[in-house]
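First the structure, in the form of structure tokens, and then the observations on it.
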Amino acid sequence: MPHARPDERPSAVAHKRRPLSRIDDPFVRAVARLPVTVRTKLLIAFVGTSMLLVAVGLLGQLVLGQSNNRVASLGALQERAIGYAALQQQVDDLRDLLAENVGGDFYLVWTEVEKRENSKAIDLHASTAVRHIEAGTAADRLGFTPPPGDQGALASIRDTAHNLWRELDEELIPLYADLDGTTKEDWNRVRVRVESLSRDLKDAAAALSLGTRAEVDELIARNANSFASSRALFIGVAAGALVLALLLGFILSRSLVGPIQSIDGRLAAITSGDFSGQVEVENRDELGALGANVNRMNDELRRLYTELEEASRHKSEFLANMSHELRTPLNAIIGFSQVLRDGMVGPVNEKQAEYLDDITSSGNHLLSLINDVLDLSKVEAGQFELDVHPFSLREALQRGVVMVRERATENEVRVAFDADPKVDVVDGDERRIKQVIFNLLSNAVKFTPAGGEVDVSASQVNGEIRVSVADTGPGIAPADRDRIFEEFQQTETGVGKHEGTGLGLALSKRFVELHGGRIWLESELGRGSTFTFALPARTTAP
Amino acid sequence: MTGERILVVEDNDKNMKLFRDVLVATGYRTLEATTGGEGIELASEHIPDLVLMDIQLPDLNGVQALHRLRENTRTATIPVLALTAQAMHGDRERFLSAGFDGYISKPVNVRDFIDTVREHCDRGLR
């Protein structure tokens, strides 16, 4: 583990940098520091965005309403313009009518009598027309209520029309009754007044009509202007609302995502065993609380990890010391026994030689017990590391058979070996697998009575290599079948043999399992036992 | 029997006695040291043909003593074997890579011990 540390430092630093760059943004920082819950922040953001939408909608309605009002007022104005234009037309027609009596060459073709009759009819007609014009200025005839600004002009048209009518009806037309008594001067005098009045009337009507038309043009121009500015305002506000909503969402999401990323980074670092950093979350919401909890968890894990490392180190040291301290006296025990047994310091008799052999083998037994206990302790502590290399399982099996053959022959036990040709190179810790093979073989030979048989076989089944060691020994009772894989557990027969450390099968089981394999037992009391272990087959070609 | 001189550095008196007696019975002469410092002094004084070095010693440990021997030109070429009860998995490789010429774990098998010593003495003479 400590070796992995230096490699992880840079990544931990990178994790720390990320939140720093995030916090450079003052808006994000301000939102992060708001002392309200994430739920409230989200609610505020949603309500804010909705209110912007409502504001845009209201503004739109207002702009549409204004536009509608302008169209309505334009309609009324145009109605007025048409009314006034009609009035003007009437006045123009009247003028044309009167003009026929003032000059004109048609007198030449008419007789004097015809002339007078015709002229009188025209003037009567004109008088009626003037009455119409006078009446036409009233609101009910116009079809609309004239605005106060027009009232004066209308009144002046009405008065002028009235005066003109009186001039025609009371001054001009009576002249026709006394044609002979009327002088040319009389006619001219009246006609001049009529002409003057009709011109006034024409000017007034034209002024009214033109003024109204100008008003219409101005209103149209104003409408176009205010439509353009309304549209600009609406687009501006809508775009502003959009930008504001996006900005709100962006800032809020960054103030939430940033801390989540830095917390995630810290957790990833913790997972890979780096407890050196602290996550920096400025948020005063749930994420801030989460960050603080992650920091507390980090500190607590670091404390536990350090303690665990310390304990593990102590245990390793203890095991190494124990091994050393037990081996030192064993060196003298075994060594001096061998020196004596080999006659280096003088001859020994048969009995002495036998005892010396016993001391040596007991010493060696003790040594293997020490080795097994140490191996087991390491496996239990999770400190055992397999030295995995490709090696020939077939050769390992053959060598195992050779190692037990001497004793088997002594015991009159036949050992047969038969392996599937496919079984050869496997990936594993050769020394440990050999240890397993030797353990199973020596157990089989040990428990098989004279005349019995030990069968070693190997095959490849469903992607795993299986090695079976079958004996014709006493078999193992069902109650003992799980127990014999535990430490210091032996069958009654095994205990009776006074051999073995009682750790062989326990270690074999652990070694096989460390390789990702399994070991099991099939047995029938009185017929024999078959121990089988399976290792995963190689996935790549050797 | 060629009578090569072997320096045994060993702090346990019973083991020292065993190694001395076995080596003498085999025909070697021995020099004996119980500490690393003493071992270095004897080595530079007598230039033995082989050094058997325990690792766990009262003053210097065996690896430090080995380095001191190698630093001195007079003793630099003497073959040095680690003779130690540190015999856990990986220890052999550790000591060989530290610069020892060989490794014998305790408890020794007397016959194998003699064979290993003889092998290194012969190699040293060649």
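Across 5 Å bins from the origin, how do the percents of Cα pairs in segment A:92-240 run, short distances first?
Once binned at 5 Å, the Cα pair distances of segment A:92-240 give 2, 8, 14, 16, 13, 10, 8, 7, 6, 4, 3, 3, 2, 2, 1, 1, 0, 0.
Check which residues have an amide H placed less than 5 Å from B:ILE104's amide H, if you skip close sequence neighbours.
Under 5 Å from the amide H of B:ILE104: B:ALA82, B:LEU83, B:THR84.
What shape does segment A:365-423 take by its C-alpha gyration tensor, where a ≥ b ≥ c are the square roots of the eigenvalues and a/c under 1.5 counts as rounded, a/b above b/c as prolate, and the rest as oblate?
oblate
Diagonalise the Cα gyration tensor of segment B:1-94 and give the resulting equivalent ellipsoid semi-axes, square root of 5 times each eigenvalue, largest first, whole Å.
Values: eigenvalues 71, 59, 31 Å².
So the equivalent ellipsoid measures 19, 17, 12 Å along its semi-axes.
Could you work out the Rg to Rh ratio of segment A:340-471, with Rh taken as the Kirkwood radius (inverse of the mean 1/r over all Cα pairs)? Write out the running numbers ahead of the final one.
Working: Rg = 18.5 Å, Rh = 17.3 Å.
Looking at segment A:340-471, the ratio lands at 1.07.
Of A:LYS378/B:LYS106; A:LYS446/B:LYS14; A:LYS351/A:LYS434; A:LYS351/A:LYS378; A:LYS351/A:LYS509; A:LYS446/B:LYS17, which ones are farther than 32 Å apart at the Cα?
Where the Cα-Cα span goes over 32 Å, the pairs concerned are A:LYS446/B:LYS14; A:LYS351/A:LYS434; A:LYS351/A:LYS378; A:LYS351/A:LYS509; A:LYS446/B:LYS17.
So if I take the centroid of the Cα atoms in segment A:355-387 and the same for segment A:162-226, what is the distance between those two points in Å?
What the calculation gives is 140 Å, centre to centre.
Using the count of nearby Cβ atoms within 10 Å as a rough guide to exposure, how do A:ASP123, A:ASP92, A:ASP200 rank from fewest to most?
Numbers: A:ASP123 23, A:ASP92 14, A:ASP200 17.
With the fewest neighbours first, A:ASP123, A:ASP92, A:ASP200 line up as A:ASP92, A:ASP200, A:ASP123.
For the pair B:SER44 and A:ARG303, what calculated FRET efficiency results from E = 1/(1 + (r/R0)^6), where r is the Cβ-Cβ distance and R0 = 51 Å, to the nearest 0.05? Please report the intermediate quantities before stating the final value.
Working: r = 51 Å, r/R0 = 1.00.
The computed FRET efficiency comes out at 0.50.
Sketch the reach of a paramagnetic label on B:ASP122 as a point 7 Å from Cα along Cα-to-Cβ, and name the residues of segment B:1-42 whose backbone nitrogen lies under 13 Å away.
B:1-2
Alpha carbon centre of segment B:26-43 versus segment B:54-78: separation in Å?
Centre-to-centre (Cα) distance: 12 Å.
With every atom except the alpha carbons ignored, what do you get for Rg and Dmax of segment A:152-281, in angstroms?
43.1, 137
Mind checking the log10 I(q)/I(0) for segment A:126-165 at q = 0.17 Å⁻¹? Debye, one equal scatterer per Cα, no solvent, two decimals.
-0.41
Relative contact order (percent) for segment A:406-461, with alpha-carbon contacts under 8 angstrom and 6 or more residues of separation? Please report the intermediate quantities before stating the final value.
Details: 53 pairs, mean separation 35.3, N = 56.
About 63 percent, as a whole number.
On the first, second and third principal axes, largest extent first, how far apart are the outermost C-alpha atoms of chain A in Å?
199, 48, 40
Counting other beta carbons within 10 Å of each residue's own, what order do A:MET297, B:MET88 fall into, fewest first? Before the final figure, lay out each step's value.
On the way: A:MET297 14, B:MET88 19.
Least to most surrounded, the residues fall as A:MET297, B:MET88.
Which FRET efficiency value, to the nearest 0.05, do you get for B:ASP11 and A:GLU280 by plugging their Cβ-Cβ distance into 1/(1 + (r/R0)^6) with R0 = 41 Å? Please report the intermediate quantities before stating the final value.
Numbers: r = 56 Å, r/R0 = 1.36.
Once the sixth-power term is evaluated, E becomes 0.15.
What dipole magnitude, in Debye to the nearest 20, does chain B give about its Cα centre under +1 on Lys/Arg Cβ and -1 on Asp/Glu Cβ? Don't jump to the answer; show the numbers that get you there.
On the way: 15 positive and 20 negative charges, 51 e Å.
Its charge dipole is roughly 240 debye.
Compute the separation of the alpha-carbon centres of segment A:52-101 and segment A:407-474 and state it in Å as a whole number.
Cα centroid of segment A:52-101 versus Cα centroid of segment A:407-474: 115 Å apart.
Would you compute, from DSSP H runs of 4+ residues alone, the mean residue ellipticity of chain A at 222 nm, taking -39500 (n - 2.57) per run and dividing by the full residue count, rounded to the nearest 500? Present the calculation step by step, with values, prior to reporting the outcome.
Details: 13 runs with 365 residues, N = 542.
That calculation yields -24000 deg cm²/dmol at 222 nm.
Could you work out the relative contact order of chain A, using alpha carbon pairs under 8 angstrom and six or more residues apart, expressed as a whole percent?
13
Can you tell me the FRET efficiency between A:LEU64 and A:SER253 if r is taken as the Cβ-Cβ distance and R0 is 30 Å, rounded to the nearest 0.05? Write down the numbers at each step before the final one.
On the way: r = 35 Å, r/R0 = 1.15.
The pair A:LEU64/A:SER253 has a calculated efficiency of 0.30.
Within 10 Å of each residue's Cβ, count the other Cβ atoms and sort A:VAL130, A:VAL294 from fewest upward.
Values: A:VAL130 29, A:VAL294 19.
The fewest-first ordering by Cβ neighbours comes to A:VAL294, A:VAL130.
Taken together, the values in this text are just the output of simple stated rules run on the coordinates, not laboratory data. All of these numbers come straight from a predicted model, not from anything done at the bench. For neighbour counting, all protein chains shown are included, and Cβ atoms are generated from backbone atoms with ideal geometry for every residue, glycine included.
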